[in-house]
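Engineer: Handing you this structure, nothing more for now.
The values are calculated or read from the model by the stated rules, or taken from the named source; none is laboratory data. Bear in mind the structure is a predicted one, so any value in this text is a computation, not a measurement. Reconstructed Cβ throughout: ideal geometry from the backbone, glycine too, with neighbour counts over all protein chains shown.
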Amino acid sequence: MDVQPLEQITKIKQEILHRKQASDSRSIRHRKVLIDLVKEGGWIDERKFGLHVVGNYFKDLRGLLNIAPLGLRMISKGKFPLSFESSEGTQQVRSLIEAVQQEGRLD
């Protein structure tokens, strides 16, 4: 019969992810932000990650207030750099992510 349920489930999942916006749910946002940040700089910038996922791109005031104490503690201990350098292998990481995205397995 050549039925491949896992492949069909993967296709359905990808279709759902394509239809949803990054801000629709925290789990979808988590995945998309993670991929975007790694693609951008070769690693995860925790400052942006928290603001985008928990703070929903500055739209979720309650989420922002929840992470504010952590941010303040980080700043007071000097663990909150104002800028980050991209990883040396950023271009290779970006190329890999784009290749996988073209195959339709990552979004």
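Engineer: Within the stretch 88-107, restricting attention to residues that are of a type in the set (D, E, K, R) and either farther than 18 Å from residue 31 by Cα or part of a loop (DSSP other than H, G, I, E, B) (or both), which residue is modelled with the highest pLDDT?
Structural biologist: Within the stretch 88-107, the match that is modelled with the highest pLDDT is 88.
Engineer: Here's another thing I want to ask about it. Look at residue 56 and say whether it is part of a helix (DSSP H, G or I) and in contact (Cβ under 8 Å) with a residue 12 or more places away in the chain.
Structural biologist: no
Engineer: Take the residues in the stretch 74-107 that are in contact with a Phe, Trp or Tyr (Cβ under 9 Å, 6 or more places away or on another chain) and not hydroxyl-bearing (Ser, Thr, Tyr), then tell me which one is surrounded by the most Cβ atoms within 10 Å (Cβ to Cβ).
Structural biologist: 93
Engineer: When you go through 84, 49 one by one, which is the residue that is at negative phi, part of a loop (DSSP other than H, G, I, E, B) and aromatic (Phe, Trp, Tyr)?
Structural biologist: Exactly one of 84, 49 is at negative phi, part of a loop (DSSP other than H, G, I, E, B) and aromatic (Phe, Trp, Tyr), namely 84.
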